[in-house]
């Protein structure tokens with residue numbers, strides 16, 4: 001979109017926050033770059049330049065606007081629905097792969113040479129993987145500076161910088177302030193950010209300020225594009241929560257997280273203009289990774305306007321969209337975990353699936369310490385589950401074979417469900433495993449891989465909704481009819497599920 005000058009100018013002049021993350025506006029007269037919805041007075045069109053990424057604007061010599069904080073805008077929805085090389089690379093960079101493994105590690109995961117990746121990223125985003133990772137490190141550093149009391153040296157290394165000098169230079173270059181000045185400005189802000197400019201680097205909200213977070217805990221905001229319907233999103237996560245790993249408490253969804261350098265516990269609470277996130281980490285180096293996983297789990301980088309505009313064009317779905325627009329696809333913080341849970345949920349009720357999963361957690365999960373109580377374990381990794389005795393599993397032998405086959409494939413790496421994996425290749429590999437039918441493959445594609453066009457015509461809830469709405473009843477005919485919902489069929493499923501009276505469609509009580 002950033003190449004369409006006139007369209008970008010109109011978005012900036014109307015301060016349309018729906019385009020935040022789609023492109024960035026650099027102002028020649030001030031040397032800063034902003035998000036399209038910046039509340040400041042728009043510059044003259046002749047002073048505007050548009051860039052596809054914050055990293056590209058930084059490389060061109062512009063610094064971040066102190067008012068709208070463009071580096072913390074919602075992520076581009078492009079990486080939310082595309083499956084090509086650039087989209088996969090961006091998902092991995094956001095997940096911190098470059099910081100942990102370097103560009104060669106990124107290239108190895110994608111199966112391309114470093115030269116090819118740098119060329120394609122440069123052509124589409126105006127910056128290479130190192131510059132994109134640097135921009136993310138700057139955002140993580142600001143988050144730690146403004147929301148914690150960590151010493152600056154600890155902030156530098158937790159954000160992924162190799163040295164204090166690189167940390168200081170980057171912060172000054174990107175924000176035109178020293179790290180100490182950033183922390184001082186944050187301390188002086190007495191009120192939360194304006195409703196139309198939520199960002200992940202805001203200081204604690206008024207509610208969290210009244211209840212100070214324990215040591216090692218950060219509280220901040222996760223931005224999203226409006227509208228957002230929290231009922232199906234948090235309702236689904238709460239209704240399917242595995243005891244010991246997940247819970248709904250005091251109006252927030254809480255769960256444990258397995259992270260590269262340790263573990264974490266997150267509490268996510270829906271608010272009118274943001275998601276309040278309280279995150280406890282055993283190692284602050286996992287901050288960017290944890291934030292990315294939370295955003296992905298809640299599908300916060302989606303473009304609900306584009307999704308709903310297409311779906312409401314169908315007269316069957318139009319009333320459902322009008323009733324509760326902005327439905328998201330509830331995803332997962334750990335793709336391997338969800339694949340195991342999908343097998344446990346084959347042909348059983350939600351309650352039975354939770355019971356099976358809870359038994360696995362109690363027997364093979366890694367214990368964690370939750371000061372608030374309620375959460376006891378990390379969901380067991382495939383490596384831990386490889387040691388389980390199938391005879392101890394309380395379900396049919398055929399499903400035991402399916403589960404052990406999946407665990408073996410995940411351990412050996414023949415099935416890659418990672419955030420930068422190839423969706424179609426993963427589908428094909430899953431379909432080769434014993435006991436994996438279309439329902440299991442597609443529900444994993446929807447919620448673990450993040451494919452926005454996954455469709456499950458054999459699902460009981462989808463078939464019931466189709467029958468009530470006058471849609472074709474057979475899976476083949478329903479799949480053919482769903483072609484008009486592409487490429488957003490995963491979201492169409494959420495609207496179909498909403499027709500049923502099931503706990504996944506209701507926001508749980510705050511008690």
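The values are calculated or read from the model by the stated rules, or taken from the named source; none is laboratory data. Keep in mind the model is a prediction, meaning the values are calculated, not measured. Cβ sites come from the backbone with ideal geometry, for glycine too, and all protein chains shown count toward neighbours.
Mind checking which residues of the range 333-356 are assigned to a helix (DSSP H, G or I) and free of Cβ contacts under 8 Å to residues at least 40 places away in the same chain? I'd like the intermediate steps shown before the answer.
Taking the range 333-356 as the starting set, the residues that turn out to be assigned to a helix (DSSP H, G or I) are 335-344, 350-356.
351, 352, 355, 356, listed by residue number.
Across the range 78-108, which residue is surrounded by the most Cβ atoms within 10 Å (Cβ to Cβ) among those that are part of a loop (DSSP other than H, G, I, E, B) and touching a helix residue (DSSP H, G or I) at 6+ places or on another chain (Cβ under 7 Å)? Show your work before the answer.
To start, the set of residues in the range 78-108 that are part of a loop (DSSP other than H, G, I, E, B) comprises 82-84, 95-96.
Going one step further and asking which of them are touching a helix residue (DSSP H, G or I) at 6+ places or on another chain (Cβ under 7 Å), we end up with 83, 95-96.
Details: 83: 18, 95: 20, 96: 24.
If we take residues in the range 78-108 being part of a loop (DSSP other than H, G, I, E, B) and touching a helix residue (DSSP H, G or I) at 6+ places or on another chain (Cβ under 7 Å), then 96 is surrounded by the most Cβ atoms within 10 Å (Cβ to Cβ).
Checking residue 253 against (1) touching a helix residue (DSSP H, G or I) at 6+ places or on another chain (Cβ under 9 Å); (2) assigned to a loop (DSSP other than H, G, I, E, B); (3) free of Cβ contacts under 8 Å to residues at least 24 places away in the same chain, only one condition comes out false. Which one?
Residue 253 satisfies every listed condition except (2).
All but one of (1) more than 22 Å from the chain's Cα centre (by Cα); (2) assigned to a helix (DSSP H, G or I); (3) in the same structural domain as residue 270 (by TED's automatic domain parsing) hold for residue 435; which doesn't?
Condition not satisfied by residue 435: (2).
Have a look at 465, 483 and point out the one that is without any contact (Cβ under 8 Å) to a residue 12 or more places away in the chain, within 20 Å of residue 314 (Cα to Cα) and not assigned by TED's automatic domain parsing to the domain that holds residue 232. It would help to see each step written out before you state the result.
Working: 465 fails: without any contact (Cβ under 8 Å) to a residue 12 or more places away in the chain.
Just one listed residue meets the conditions, 483.
Please state which one of 56, 26 is modelled with pLDDT of 90 or more, crowded, with 18+ Cβ neighbours inside 10 Å and within 30 Å of residue 422 (Cα to Cα).
On the way: 26 fails: within 30 Å of residue 422 (Cα to Cα).
Step by step, each of 56, 26 is checked, and only 56 is modelled with pLDDT of 90 or more, crowded, with 18+ Cβ neighbours inside 10 Å and within 30 Å of residue 422 (Cα to Cα).
Restricting attention to the range 234-250, which residues are part of a strand (DSSP E or B) and over 25 Å from residue 342 (Cβ atoms)? Break it down into steps so the answer makes sense when it comes.
The initial filter retains those residues of the range 234-250 that are part of a strand (DSSP E or B), namely 246-249.
Once the filter is applied, which keeps residues that are part of a strand (DSSP E or B) and over 25 Å from residue 342 (Cβ atoms), the range 234-250 yields only 249.
What are the residues in the range 294-324 that are crowded, with 21+ Cβ neighbours inside 10 Å, assigned to a loop (DSSP other than H, G, I, E, B) and over 19 Å from the mean Cα position of the chain (by Cα), if any?
317, the sole residue that qualifies.
Give the residue that is nearest to residue 64 (Cα to Cα), with candidates limited to residues of the range 140-153 that are modelled with pLDDT of 90 or more and either surrounded by fewer than 21 Cβ atoms within 10 Å (Cβ to Cβ) or not assigned by TED's automatic domain parsing to the domain that holds residue 179 (or both).
152
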